[in-house]
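Below: the structure, in structure tokens.
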Amino acid sequence: MRPLVFHRILGILIPVLFFFSCTSDLDFNQVNDLKLEPVFVSNLAHFDVPANQFVTNGVEQVVTVDTPTIDIFNDAFFKDNLVRADFFFEINNTINRAYTLDLVYLDKNNQALYSTNFAIPAYTGVENLVTKTDVFANAKLDLLKRTTKIAFILKMLPGPILSESSTGSLKLRSGVTAYLVVE
Amino acid sequence: MKKIILLFVLFVSVECISQNKQILYNFTSVPQSLMTNPGSDVKYKWYFGIPLLSGISANVGSSGFSAYDLFANDGVDFNVKLRNVVFSTTRKDKATINEQIELFNGGFKVGDWQSNSYISFGMYQEFDFLSYMPKDLAILALDGNRDYLGKVFNLGDLNVKAEMLSVLHIGYHKNIKNNLIVGLRGKIYSSAFNATSTKNSGYIYTIPSTNGIYEQVISSNLELNTSGISKYIDEDYSGDVVRDIKQKVFFGGDLGLGFDAGLTYYPKKNIQFTASLVDVGFIRHTKDVETFTFKGYYKYDGINPKFTNGNAAGNVYQEFKDAIPLDTLYTKYTTWRPAKFNSSIQYSFDDSRSKDCNCDGTDSGYRNAVGAQLFIMSTPRTPFMAFTTYYRRNIFNNLQMKATYTLDSYSYKNIGLGLSAQLGKLNLYVLADNLLEYHDLAKANSLSFQFGLNVIFKDSDEPY
């Protein structure tokens, strides 16, 4: 008799546990819908050139150039996932001379892909910030993704002669806002 | 990169627990309770588990979110659900999986009928996974840093380990006094693969600055130790992962040593105290080891054109890669097994035996018992703790039941039930917890399930 009762109890309990257990409809394939859209901000470039750097042995250097390597947008990860990049520039000139700044984006063969230009007025005693936001998207973004260097070409326009003791500086700050889509 | 992100999402979404076996612990009609306390009051002449079926257990647990939160087929965009999960959890939330299958298991009584010494032995295969919620890294991946200027992202949030191993063990327990049983079990571990990244630290922050646009610092001290997996992550690998790992589980892997110790003590006939320490041991990883480190400090100011002839500004991306290099080392390392501490106190009542023969000094003659248990397990951060109260009843001579109520960080309403039945020589047991969650398993934060079949020849305590 006992085994019978016992069988019955087990025979009821175990199925009951499983009959009453159920689970909501789950769909693990949803992982394939994963789409990350982070937005990162970072520095791009900065310089602070004192007025006396434009004078060498009493002679003005009218054109100065630097061509740093910027190949991060070439990186496979950015090539695949970067959908937009905003470059923000802010220039603060406290030298009483006007300048132009050209940024020339070069590919690995030093061929110019894109350029942008800033007109910087001379300092007249009040702060005069030159700002610009350059948005790279679509075809323009593809140019950025081929860029490996940016040439910074700084030209000093005619004006009062600078000496080794001239004051002021030409200061640039710039940052990038990168919009990524990873799926 | 996409693969890494997918893997990461899978890791945090896997739902699973600690290794608290609160129903099995001290449930002495099941010989497997010896695996939670080698000093359990288990008596037999000899027993063996039905190979591969004697002990199958799986625990899954996740504090903070459930499978339903992430994978419900409810038409809501997966990315919305992922955001909700990430932002509703904290870095203390964790997901764990533990799975054990006994390959073989047995035991016998040593000596004659007057002896009170028992040997038990066996081998089981175990898989362990534990991950804390890598909250700050998840926020970076979801949102980036633009909206979090000033926030310090903690790289120490990354804390994960996974291991597959087999354990060969032999244990001995003995009534050293009428009311005191002590036991010891030695273990040899063989780890088929291991991945451990539990000692990470570092930070990333971005704050507005006057020199550049931002002040941006990354200080990274990340390390991932692996053994036994380099072959599988190699792109040229074309073998059968499952077969390869199966082979290594059987002592082709890294070896380690450990022990369990425990006791059962009856201060009075109907009062029982037990305590055990399980898996105090280590594994030395020497074969096929690879350690990946990402360590260094870098303050990123952006490129700095100098406009001094002949001194072109450096390549900052290269500078960054040099400052915080991704290194691969091949040094041996040691991991510690998660040590577990169990203890219980039990009061038995309703003695079914005749008054004049209560000579064995154990609780087996009582129909009812109530008790409380404490479980503590070491984890990479603060120890995991669970508190259980239980009621045990011998329904018939051959059917025992144990009902438990457990409080832990996964749940405050965990009700479990275990049944152990003796059908002739065959012992069948089924243990399951979180019964209240069975109405919808997908929404459960933790579940554990154990069952098995043994053949037990009872200890007669008589000469013939």
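The values are calculated or read from the model by the stated rules, or taken from the named source; none is laboratory data. Quick caveat, the model's predicted, so the values are computed rather than measured. Neighbour counts are summed over all protein chains in view; Cβ atoms, including those assigned to glycine, are modelled from backbone coordinates with ideal geometry.
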Exercise. Take the residues in the stretch A:83-97 that are within 12 Å of chain B (Cβ to nearest Cβ) and under 13 Å from the mean Cα position of the chain (by Cα), then tell me which one is farthest from A:ILE161 (Cα to Cα).
Key: A:ASP86
Quiz item: Just a yes or no: is a residue in the stretch B:185-206 closer than 28 Å to B:VAL280 by Cα, of a type in the set (Phe, Trp, Tyr) and surrounded by fewer than 19 Cβ atoms within 10 Å (Cβ to Cβ)?
Solution: no
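Look through the stretch B:255-309, keep the residues that are aromatic (Phe, Trp, Tyr) and within 23 Å of B:PRO325 (Cβ to Cβ), and return whichever of them is surrounded by the fewest Cβ atoms within 10 Å (Cβ to Cβ).
Top of the filtered list is B:TYR297.
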Practice problem: Quick one: B:LYS43 ticks every box in (1) crowded, with 21+ Cβ neighbours inside 10 Å; (2) within 30 Å of B:HIS173 (Cα to Cα); (3) within 27 Å of the chain's Cα centre (by Cα) except a single one, so which number is it? | Solution: (3)
Practice problem: Count, please, the residues in the stretch B:5-41 that happen to be modelled with pLDDT of 85 or more, of a type in the set (A, V, I, L, M) and touching a strand residue (DSSP E or B) at 6+ places or on another chain (Cβ under 7 Å). | Solution: 4
Practice problem: State yes or no: is A:LEU113 at pLDDT 90 or above, among the hydrophobic types (A, V, I, L, M, F, W, C) and crowded, with 19+ Cβ neighbours inside 10 Å? | Solution: no
Practice problem: Taking A:VAL49 as the residue in question, decide whether it is at the interface with chain B (Cβ under 7 Å from one of its Cβ atoms), among the hydrophobic types (A, V, I, L, M, F, W, C), assigned to a helix (DSSP H, G or I) and out of contact with any Gly (no Cβ under 6 Å at 6 or more places or on another chain). | Solution: no
Quiz item: Restricted to the stretch A:52-82, and to residues that are of a type in the set (Ser, Thr, Tyr) and either buried (at least 17 other Cβ atoms within 10 Å of the Cβ) or facing another protein chain (nearest Cβ under 8 Å) (or both), which residue is farthest from A:LYS140 (Cα to Cα)?
Solution: A:THR64
Exercise. Return yes or no: is A:THR100 more than 19 Å from A:LYS145 (Cα to Cα) and more than 9 Å from chain B (Cβ to nearest Cβ)?
Key: yes
Exercise. Being within 21 Å of the chain's Cα centre (by Cα) and free of Cβ contacts under 8 Å to residues at least 60 places away in the same chain is the filter here, so list the residues in the stretch B:409-429 that pass it.
Key: B:SER411, B:TYR412, B:LYS413, B:ASN414, B:ILE415
Exercise. Say whether the condition of being part of a strand (DSSP E or B), out of contact with any Cys (no Cβ under 8 Å at 6 or more places or on another chain) and more than 30 Å from B:PRO208 (Cβ to Cβ) is met by at least one residue in the stretch A:22-42.
Key: yes
Practice problem: State yes or no: is B:SER88 more than 14 Å from chain A (Cβ to nearest Cβ) and more than 30 Å from B:SER29 (Cβ to Cβ)? | Solution: yes
Practice problem: Could you list, in sequence order, all residues of the stretch A:131-159 that are among the β-branched types (Val, Ile, Thr) and either within 14 Å of chain B (Cβ to nearest Cβ) or under 14 Å from A:ILE95 (Cα atoms) (or both)? | Solution: A:THR131, A:THR133, A:THR147, A:THR148, A:ILE150, A:ILE153
Exercise. Within the stretch B:281-340, work out how many residues are basic (Lys, Arg) and in a strand (DSSP E or B).
Key: 4
Quiz item: Out of the residues in the stretch A:24-36 that are exposed (fewer than 15 other Cβ atoms within 10 Å of the Cβ) and not basic (Lys, Arg), which is nearest to A:LEU101 (Cα to Cα)?
Solution: A:ASP33
Practice problem: Could you tell me which residue of the stretch B:361-408 is modelled with the highest pLDDT, considering only residues that are more than 30 Å from the chain's Cα centre (by Cα) and surrounded by 17 or more Cβ atoms within 10 Å (Cβ to Cβ)? | Solution: B:ASN394
Quiz item: Which residues, taken from the stretch B:68-84, are touching a residue at least 60 places away in the same chain (Cβ under 8 Å) and either under 14 Å from A:LEU36 (Cβ atoms) or among the hydroxyl-bearing types (Ser, Thr, Tyr) (or both)?
Solution: B:TYR68, B:LEU82
Practice problem: Please state which of the following conditions B:LEU155 fails to meet, knowing it meets all the rest: (1) surrounded by fewer than 19 Cβ atoms within 10 Å (Cβ to Cβ); (2) in contact with a Leu (Cβ under 7 Å, 6 or more places away or on another chain). | Solution: (1)
Quiz item: Within the stretch B:424-444, is there a residue that is away from every other protein chain (no Cβ under 13 Å), of a type in the set (Lys, Arg) and not in a strand (DSSP E or B)?
Solution: yes
